[in-house]
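Here the structure is laid out as structure tokens; the discussion comes afterwards.
The values are calculated or read from the model by the stated rules, or taken from the named source; none is laboratory data. Treat the numbers as computed from the prediction; the structure is a model and nothing was measured. We place every Cβ from the backbone using ideal geometry, glycine too, and count neighbours over all the protein chains shown.
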Amino acid sequence: MVGHGKKMTEKIKIQGRQIVNGVVPISGAKNAALPLLAAVLLSSEKVLLRNVPPLEDVKTMLSLLDDIGVRFHTRVDSPYASTIELQADAVNDFKASYDIVKRMRASILVLGPLLARFGECSVSLPGGCAIGVRPVDLHLQGMKALGATVSLKDGYIHARSLHGLRGTEYEFPISSVTGTENMIMAAALADGKTILKNAAREPEVIDLANCLNKMGACISGHGSSIIEIDGVANLHGVDYTVVPDRIEAGTYAIAAGITNGCVDLMGGNFRELLPHFVEKMTQAGLIFTDIEGGLRAESSGRIYPIDIETSPFPGYPTDLQAQSMALLCIAAGTSNIHENIWENRLMHVAELARMGANIKVTNTHACIYGVDKLLGAPVYATDLRASFSLVLAGLAAEGVTVLDRVYHLDRGYSKIEKKFAGCGVKIERFR
């Protein structure tokens, strides 16, 4: 991920021993908003997306769409959400350039829509967090299965299907969220039926399919591992609201647990969106209570050691692994985390160790020996989710923690200073 100007130099100062108590309005999901923005390319009519979070990754996707020729207007509804009106009726460039795509791996989501509607595109190989290989071959194999010709040249994916895509049966060798989303979007305008096997089941995939169905697509089975798409000739406009961000909700739940506090997570059915997380965090000592419009997460006053294995939905989210590790650093005993999704997603261990954590890593397994306390220290973010894990550790630690490379944080979490302020917690951003 390459930062932008002053974002590269910003830091966050966290005074330790603060307790998170209050109400947190959960924003729209980044991982739902990005494919929904890409899906705008499938129609020439106006699309209205509500509850879009004000994030750097969203700005990057909008920059990419603007570069391609999509017209859009943003209305700020609150500090945490915007409504964006978009129209792709004058798309004049089928190339997603390196200068934009290098900032965010999710940029590859324009591949399926561009290919399906316009029959050709060139998409730069993507960038983003350095947490693993994240091969694009799943996307390429899927497009080939739909009848496209695909080649790699000069760092770009070149795809063509001048006679239209054809329905197919395709089984993902491994479950892939963005791979499933790209295939759903491409198949929505293909000729005939497409059956996707071993498809991703994440709520963000369901959200995309629901939106496309409102646009006139014919998709069924989303939420299961087998998704069927009957291709249609065209899609129309839509007014759609982005699903709330389950990862943000889980992160603030951990904030309550690690600081012996209590938060009301407002805006969604987070028990349903985070089934395995709620189960595991309950074992770790958090108390969850359903409330009107959301979920309360409260510390029991003790953090118990647990074992976690990340896995695709409905399993434990890899996007909450780093934050969970911060919590378990001060558990009363030994915990284990197996990271089964991304091979490099334990890079935050070294930074937590700087704060006094006792963690032993073997390949993609971390053994966390709980310590009595963490100590504030200068640390830096290695990726998006790792950045918030260090904020959490800083809140629980003694002394002051200074987090560098804050631009990672801003890619996926909106207005954290304001949200924490609503919970009686002060963190300070500076350059």
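Of all residues in region 66-97, those satisfying the criterion of being under 21 Å from the mean Cα position of the chain (by Cα) and outside any strand (DSSP E or B) are P79, Y80.
For D410, indicate whether it is of a type in the set (D, E) and modelled with pLDDT of 95 or more. Talk me through it step by step, then tell me what you get.
Values: of a type in the set (D, E): yes; modelled with pLDDT of 95 or more: no.
For D410, the condition - of a type in the set (D, E) and modelled with pLDDT of 95 or more - is not met.
Taking the conditions exactly as written (at pLDDT 95 or above, within 22 Å of K102 (Cβ to Cβ) and out of contact with any Pro (no Cβ under 8 Å at 6 or more places or on another chain)), does L37 satisfy them or not? Criteria met by L37. Every listed requirement among (1) over 19 Å from V177 (Cα atoms); (2) assigned to a loop (DSSP other than H, G, I, E, B) is met by P126 save one, (1).
Would you check if P305 is assigned by TED's automatic domain parsing to the domain that holds A421, surrounded by fewer than 24 Cβ atoms within 10 Å (Cβ to Cβ) and touching a strand residue (DSSP E or B) at 6+ places or on another chain (Cβ under 9 Å)? Talk me through it step by step, then tell me what you get.
On the way: assigned by TED's automatic domain parsing to the domain that holds A421: yes; surrounded by fewer than 24 Cβ atoms within 10 Å (Cβ to Cβ): yes; touching a strand residue (DSSP E or B) at 6+ places or on another chain (Cβ under 9 Å): yes.
Yes: the conditions hold for P305.
For region 38-74: of the residues being buried (at least 18 other Cβ atoms within 10 Å of the Cβ) and among the acidic types (D, E), which is nearest to V110 (Cα to Cα)? Once the filter is applied, the top-ranked residue is D57.
What number of residues within region 347-389 are under 26 Å from the mean Cα position of the chain (by Cα), in a loop (DSSP other than H, G, I, E, B) and surrounded by fewer than 23 Cβ atoms within 10 Å (Cβ to Cβ)? Going through region 347-389 one residue at a time, the tally reaches 3.
Within region 140-171, how many residues turn out to be free of Cβ contacts under 8 Å to residues at least 24 places away in the same chain and either outside the structural domain of D191 (by TED's automatic domain parsing) or assigned to a strand (DSSP E or B) (or both)? Matching residues across region 140-171 total 4. The set of residues in region 356-384 being in contact with a Ser or Thr (Cβ under 8 Å, 6 or more places away or on another chain) and either more than 16 Å from D307 (Cα to Cα) or outside the structural domain of L403 (by TED's automatic domain parsing) (or both) consists of G376, A377, P378, V379, A381. For region 369-378, indicate whether the set of residues that are β-branched (V, I, T), without any contact (Cβ under 8 Å) to a residue 40 or more places away in the chain and more than 20 Å from Y252 (Cα to Cα) is non-empty. No, region 369-378 contains no residue that is β-branched (V, I, T), without any contact (Cβ under 8 Å) to a residue 40 or more places away in the chain and more than 20 Å from Y252 (Cα to Cα).
Evaluating K360 against the criteria (1) over 19 Å from I258 (Cα atoms); (2) modelled with pLDDT under 95 leaves one unmet condition, (2).
Based on this model, can you work out whether G22 counts as on the phi > 0 side of the Ramachandran plot and not assigned by TED's automatic domain parsing to the domain that holds F313? In short, no. Annotation: of all residues in region 400-428 being in contact with a helix residue (DSSP H, G or I) (Cβ under 7 Å, 6 or more places away or on another chain) and among the aromatic types (F, W, Y), the one that is surrounded by the fewest Cβ atoms within 10 Å (Cβ to Cβ) is Y407.
Can you find even one residue in region 234-256 that is in a loop (DSSP other than H, G, I, E, B), in contact (Cβ under 8 Å) with a residue 24 or more places away in the chain, under 30 Å from E169 (Cβ atoms) and of a type in the set (S, T, N, Q)? Give the derivation first.
To start, the set of residues in region 234-256 that are in a loop (DSSP other than H, G, I, E, B) comprises 234-237, 242-243, 245.
Adding the requirement that they be in contact (Cβ under 8 Å) with a residue 24 or more places away in the chain leaves 234-237, 242-243, 245.
Those still in the list that are under 30 Å from E169 (Cβ atoms) too: 234-236, 243.
If we keep only those that are of a type in the set (S, T, N, Q) too, we end up with 234.
Taking every residue of region 234-256 in turn, at least one turns out to be in a loop (DSSP other than H, G, I, E, B), in contact (Cβ under 8 Å) with a residue 24 or more places away in the chain, under 30 Å from E169 (Cβ atoms) and of a type in the set (S, T, N, Q).
Which residues, counting only those in region 218-233, are of a type in the set (A, V, I, L, M, F, W, C), part of a loop (DSSP other than H, G, I, E, B) and touching a strand residue (DSSP E or B) at 6+ places or on another chain (Cβ under 7 Å)? Correct list: V232 only. Considering only region 247-306, state which residues are within 18 Å of the chain's Cα centre (by Cα), acidic (D, E) and within 19 Å of A322 (Cα to Cα). Of everything in region 247-306, just one residue is within 18 Å of the chain's Cα centre (by Cα), acidic (D, E) and within 19 Å of A322 (Cα to Cα), namely E248. Note on region 173-204: residues that are of a type outside the set (D, E) and either outside any loop (DSSP other than H, G, I, E, B) or outside the structural domain of H222 (by TED's automatic domain parsing) (or both) total 17.
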